[in-house]
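Peer 1: Got a structure for you, written out below as structure tokens; questions coming shortly.
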Amino acid sequence: MNHPLRLAENPGLSSYDLTGYKGNRGKNFYEEDKILQRVIERYSSDYKPDHKKAMIDHLKGYGELVGGILDELTEASHKEGKYGEVVKYDRTGNRIDQIVYSHEQKLSRKISYDYGIVNLDFHDEWKFPFTDLHRQALTYLANQNGEGGVTCPLAMTEGMIRVLQGIGTEEQKKKYLPLVAGKGSFSHFMAGQYVTERVGGSNVGANRTIARKGEDGKWILNGEKWFCSNPGDLWVTTAKIEDTETVGLFLVPRIKDNGELNGHHILRKKDIIGSKGKLTVEIVYEDLEAEALGRPAHGIANLIRYVIRTSRVHVGLAASGMSRRAFMEAREYSRYRTAYGKKIQDFSAYSRELAEMRILYAALVMPIFRGIDWTQKGILAEQISTPLMKYRSSSLSSQITHGAIMALGGSGIIGDYTCLPRLHNDCIINETWEGTHLIITDHALGAMNRAKIRDSFVTELKKNFDSAKKYPELKAAAELGENLLLDWNKSIEEKPREWKETYRVDLSDQAYGALVLSEFLEQAVFDRTSGSKKSKFDSFVKGFGAFLFRTLPKTFGDYESFRLDQEEVDEIVNW
């Protein structure tokens, strides 16, 4: 005999504090984000009023999409049976090597593409410059839903647009830019970059794929690529020029001009820990037709300048966006969940965890946008900050997302309850993409060893420390940052090469600590010079100083002076 559940009679099944809990679904992620709003306000101060208003309205519109329909589609497309699949043949037996995505995944890409997050400057109705500030703010917002099958393809599509605009021939621009950037294109972030081979990734010079010049001016490639993320309509790839050690950069369409499948075979899709919304596959090249991108002798240089550098900026923005979402989820949960008679946000230890998450994601967002600004102004310090922030943002985001999972307790590890497990796995992928920590800190060290670049970095940071020392309440943090900076500079100048290579991670951590303190102090001083007696960033300065005392092997000053009181903690969490 069947017995229906008598819910009204079962005390264990009655409503409780999380009944109907939906997290942050339905919020406008731009309007919720005070740190991003601060960034936009500071870096658009010289925009014309109508341009600034149009940009902010566009960001608000995307913030609504990210917190609404895009959040729903991302969740729906990240379930068993909804991930992309490789289709090798059509129904008549012709090889097609095609990726098929779910309706939810395709719609998510289409909405973001049509909104112009990578190609707004190709929309006739947009009458202003599509600045990097605007573009990368959209990227940061998109990543608040995790990689989602969108933001890795977004990064590679932006890299494709930049390399075509930078070194593409007029014929290549005319033919391919409408495909990857044109309004109304059917190709929604379907550009890729295939560099890694089974012999290595970061060591591009070890590539074994060979490029032979054809009679018609095109190149014929034979070899393999081990990590091909987002296999789609168009990609850039690397290969050694036949009978040389020169690595060239090439442009490859999936379909040849005659309508035939270009010479490649997808072997299988990768079973990777995260970033599952878009496929990553292995591909073999067999007489693949390709076009040279730029001069073959400049292949690696152009790859780094246009493609890898773009991807590294995106890694930093992705880490920042996912860290922001992790904090949002932990804070929202704490406002509903009760334990031992009170909301868990009211436990001081818990609120301090939230405050540190808030400080640390701000310590990613603000230096990244500072680096973007330095790039626009031609300030050499950017050549240190870009690899530095790729390293530190990706490592800290894994820490922040893990902390948020712990903040939700058992609920935090359930994938259909919260986005946090997916975000955490995506963050781990970010730590590997475009250079693991040892690789990327080696690139940072290379920039640090160049006197002009290092001097620029020191100059930019030191002027902020000097300004902050004029205010008694900021002096201790300014001295801490300055001492970290000067000690770091001395080590770079005086230590032998082998020592610096061995301790390059420590040197990068020290430079990052000085960079963030400089940035937070600059914000605090700006508020004072704008008429305020204090700044909300005062607490960020103190909290990050305390973080440095706990995490760096060498610090300067009094740890106790950097401890936050409960009022400061609450201000950070609730702002």
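Peer 1: Which members of the stretch 558-567 meet the condition of being touching a residue at least 40 places away in the same chain (Cβ under 8 Å) and surrounded by fewer than 18 Cβ atoms within 10 Å (Cβ to Cβ)? Break it down into steps so the answer makes sense when it comes.
Peer 2: Here is the first cut: in the stretch 558-567, the ones touching a residue at least 40 places away in the same chain (Cβ under 8 Å) are 558, 561-562, 564, 566.
Passing the criteria: Asp558, Ser561, Gln566.
Peer 1: Out of the residues in the stretch 2-43 that are modelled with pLDDT of 95 or more and of a type in the set (S, T, N, Q), which is farthest from Thr418 (Cα to Cα)?
Peer 2: So the residue we want is Gln37.
Peer 1: Looking at the structure I just gave you, is Gly531 outside any helix (DSSP H, G or I), in the same structural domain as Thr441 (by TED's automatic domain parsing) and either modelled with pLDDT under 95 or not polar (S, T, N, Q) (or both)?
Peer 2: Values: outside any helix (DSSP H, G or I): yes; in the same structural domain as Thr441 (by TED's automatic domain parsing): yes; either modelled with pLDDT under 95 or not polar (S, T, N, Q) (or both): yes.
The answer is yes for Gly531.
Peer 1: What are the residue pairs meeting all of these: first residue in the stretch 92-109, first residue at pLDDT 95 or above, second residue part of a loop (DSSP other than H, G, I, E, B) and among the aromatic types (Phe, Trp, Tyr), Cβ atoms under 9 Å, and 6 or more apart or on different chains?
Peer 2: Pairs found: Tyr101/Tyr83; Ser102/Tyr83; Gln105/Tyr83; Arg109/Tyr101; Arg109/Phe189.
Peer 1: Only one of these is more than 27 Å from the chain's Cα centre (by Cα) and not in a helix (DSSP H, G or I): Lys475, Lys554. Name it.
Peer 2: Working: Lys475 fails: not in a helix (DSSP H, G or I).
So the residue among Lys475, Lys554 that is more than 27 Å from the chain's Cα centre (by Cα) and not in a helix (DSSP H, G or I) is Lys554.
Peer 1: Go through the stretch 265-322 and report how many residues are touching a His at 6+ places or on another chain (Cβ under 7 Å) and either farther than 20 Å from Pro253 by Cα or buried (at least 17 other Cβ atoms within 10 Å of the Cβ) (or both).
Peer 2: From the stretch 265-322, those touching a His at 6+ places or on another chain (Cβ under 7 Å) are 276-277, 283-286, 288; that's our starting set.
Restricting the remaining residues to those that are either farther than 20 Å from Pro253 by Cα or buried (at least 17 other Cβ atoms within 10 Å of the Cβ) (or both) gives 276-277, 283, 285, 288.
Number of matching residues: 5.
Peer 1: Still on this structure: Determine the pairs where a residue that is surrounded by fewer than 22 Cβ atoms within 10 Å (Cβ to Cβ), located within the stretch 237-254, has a partner that is acidic (Asp, Glu) and part of a strand (DSSP E or B) with Cβ atoms under 6 Å apart, the partner being 6 or more residues away or on another chain.
Peer 2: none
Peer 1: Oh, and also: Would you point out which residue out of Ile372, Ile405 is among the aliphatic types (A, V, I, L, M), out of contact with any strand residue (DSSP E or B) (no Cβ under 7 Å at 6 or more places or on another chain) and within 25 Å of Gly20 (Cβ to Cβ)? Steps first, answer last, please.
Peer 2: Details: Ile372 fails: within 25 Å of Gly20 (Cβ to Cβ).
Matching residue, one of Ile372, Ile405: Ile405.
Peer 1: Hey, Tyr340 hits all of (1) surrounded by fewer than 22 Cβ atoms within 10 Å (Cβ to Cβ); (2) on the phi < 0 side of the Ramachandran plot but one; which does it fall short on?
Peer 2: (2)
Peer 1: Let me confirm something: among Lys53, Lys34, which residue is more than 21 Å from the chain's Cα centre (by Cα) and either surrounded by fewer than 20 Cβ atoms within 10 Å (Cβ to Cβ) or not assigned by TED's automatic domain parsing to the domain that holds Ser320 (or both)? Reasoning before the result, please.
Peer 2: Details: Lys34 fails: more than 21 Å from the chain's Cα centre (by Cα).
It is Lys53.
Peer 1: Pairs please, first residue from the stretch 471-487 and over 15 Å from Val458 (Cβ atoms) and in contact (Cβ under 8 Å) with a residue 60 or more places away in the chain, second anywhere and β-branched (Val, Ile, Thr) and surrounded by fewer than 22 Cβ atoms within 10 Å (Cβ to Cβ), Cβ atoms under 7 Å, 6+ apart in sequence or on different chains.
Peer 2: Leu480/Thr555
Peer 1: A further question on this structure: Out of curiosity, is Thr459 polar (S, T, N, Q), at pLDDT 95 or above and farther than 21 Å from Asp373 by Cα?
Peer 2: On the way: polar (S, T, N, Q): yes; at pLDDT 95 or above: yes; farther than 21 Å from Asp373 by Cα: no.
When the stated conditions are applied, Thr459 does not pass them.
Peer 1: Of the residues Asp57, Asp50, Asp46, only one is modelled with pLDDT of 95 or more, of a type outside the set (Lys, Arg), over 26 Å from Asn145 (Cβ atoms) and in a helix (DSSP H, G or I); which? Spell out how you get there, then give the answer.
Peer 2: Numbers: Asp57 fails: over 26 Å from Asn145 (Cβ atoms); Asp46 fails: in a helix (DSSP H, G or I).
Answer to the check: Asp50.
Peer 1: Residue by residue through the stretch 170-193, note down the ones that are more than 15 Å from Tyr113 (Cα to Cα), surrounded by fewer than 24 Cβ atoms within 10 Å (Cβ to Cβ) and touching a strand residue (DSSP E or B) at 6+ places or on another chain (Cβ under 8 Å).
Peer 2: First pass over the stretch 170-193, keeping only residues more than 15 Å from Tyr113 (Cα to Cα): 170-176, 192-193.
Checking the rest, the ones that are also surrounded by fewer than 24 Cβ atoms within 10 Å (Cβ to Cβ) come to 170-176.
Residues satisfying the conditions are Gln172, Tyr176.
Peer 1: If the Cβ limit is 6 Å and pairs must be 6+ apart or interchain, which residue in the stretch 212-227 that is closer than 11 Å to Lys240 by Cα and surrounded by fewer than 19 Cβ atoms within 10 Å (Cβ to Cβ) pairs with which residue that is modelled with pLDDT of 95 or more and of a type in the set (A, V, I, L, M)?
Peer 2: Arg212/Ile220; Asn222/Ile210
Peer 1: So, in the stretch 70-109, exactly how many residues are surrounded by 14 or more Cβ atoms within 10 Å (Cβ to Cβ) and either assigned to a helix (DSSP H, G or I) or touching a Cys at 6+ places or on another chain (Cβ under 8 Å) (or both)?
Peer 2: Here the count works out to 14.
Peer 1: Taking the stretch 528-575, which residues are more than 26 Å from Ile344 (Cα to Cα) and among the aliphatic types (A, V, I, L, M)?
Peer 2: Leu548, Leu552
Peer 1: Select from the stretch 160-169 the residues that are surrounded by fewer than 24 Cβ atoms within 10 Å (Cβ to Cβ) and within 19 Å of the chain's Cα centre (by Cα) and list them in ascending order.
Peer 2: Ile161, Arg162
Peer 1: Residues of the stretch 435-448 being buried (at least 23 other Cβ atoms within 10 Å of the Cβ) and not in a helix (DSSP H, G or I), which ones?
Peer 2: Within the stretch 435-448, Gly435 is the sole residue that qualifies.
Peer 1: If you don't mind, there's one more thing I want to ask. Can you tell me which residue in the stretch 185-210 is farthest from Ile300 (Cα to Cα), limited to those that are in contact (Cβ under 8 Å) with a residue 60 or more places away in the chain and out of contact with any Ser or Thr (no Cβ under 9 Å at 6 or more places or on another chain)?
Peer 2: Looking at residues that are in contact (Cβ under 8 Å) with a residue 60 or more places away in the chain and out of contact with any Ser or Thr (no Cβ under 9 Å at 6 or more places or on another chain), I get Ser185.
Peer 1: Looking at Glu498 and the list (1) under 22 Å from Asn203 (Cβ atoms); (2) in contact (Cβ under 8 Å) with a residue 12 or more places away in the chain; (3) charged (D, E, K, R), which single condition is not satisfied?
Peer 2: (2)
The values are calculated or read from the model by the stated rules, or taken from the named source; none is laboratory data. Nothing here was measured: the structure is a model prediction, and the numbers come from that model. Neighbour counts are summed over all protein chains in view; Cβ atoms, including those assigned to glycine, are modelled from backbone coordinates with ideal geometry.
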